[in-house]
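> Here it is: the structure, laid out below.
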Amino acid sequence: MKKIEAIIRPFKLDDVREALVEEGVHGLTISEVRGYGRQKGHTETYRGSEYRIEFVPKIKIEVVIEDNKVDSVIDAISRTAKTGQVGDGKIFVYDIKDVIRIRTDESGKEAL
């Protein structure tokens, strides 16, 4: 099993979620996060004053999937989250040793 963690632009969430459902992903977790990479924040003007936003708002999506779905899920996220601009985000892939469903004590892929 793998955990895929994707940091994306907030307005791309619905598109990515729909693509994941089409790929057979049954559940996901999202978090509102803030950070920066090469984007290094940006400057905005409010009431004539310019100020710098150091940490850009993003959405973090987390899914745990079977190994055989990794490539298709990564492709779905990448395809739907991409705008071609700096700040589109990143995808991280982690190995998962086990998953346990608390309600039934099922483990492994049955718990997904």
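No value in this document is a laboratory result; all are computed from the given coordinates. Here the structure is a predicted model, which is why all the values come from computation and not from measurement. No Cβ is skipped: glycine too gets one built from the backbone with ideal geometry, and neighbour counts run over all protein chains shown.
> Return the residue satisfying two criteria in turn: it lies in the range 58-93 and is in contact with a helix residue (DSSP H, G or I) (Cβ under 8 Å, 6 or more places away or on another chain), aliphatic (A, V, I, L, M) and under 13 Å from ILE8 (Cα atoms), and of such residues it is surrounded by the fewest Cβ atoms within 10 Å (Cβ to Cβ).
Looking at the filtered set, the residue picked out is ILE91.
> A follow-up question, please. Looking at (1) exposed (fewer than 13 other Cβ atoms within 10 Å of the Cβ); (2) touching a residue at least 60 places away in the same chain (Cβ under 8 Å), find the lone condition where THR43 falls short.
(2)
> Considering GLU50, GLU32, GLU54, which residue is touching a helix residue (DSSP H, G or I) at 6+ places or on another chain (Cβ under 8 Å), over 15 Å from LEU20 (Cβ atoms), free of Cβ contacts under 8 Å to residues at least 60 places away in the same chain and loosely packed, with under 13 Cβ neighbours inside 10 Å?
Among GLU50, GLU32, GLU54, only GLU32 is touching a helix residue (DSSP H, G or I) at 6+ places or on another chain (Cβ under 8 Å), over 15 Å from LEU20 (Cβ atoms), free of Cβ contacts under 8 Å to residues at least 60 places away in the same chain and loosely packed, with under 13 Cβ neighbours inside 10 Å.
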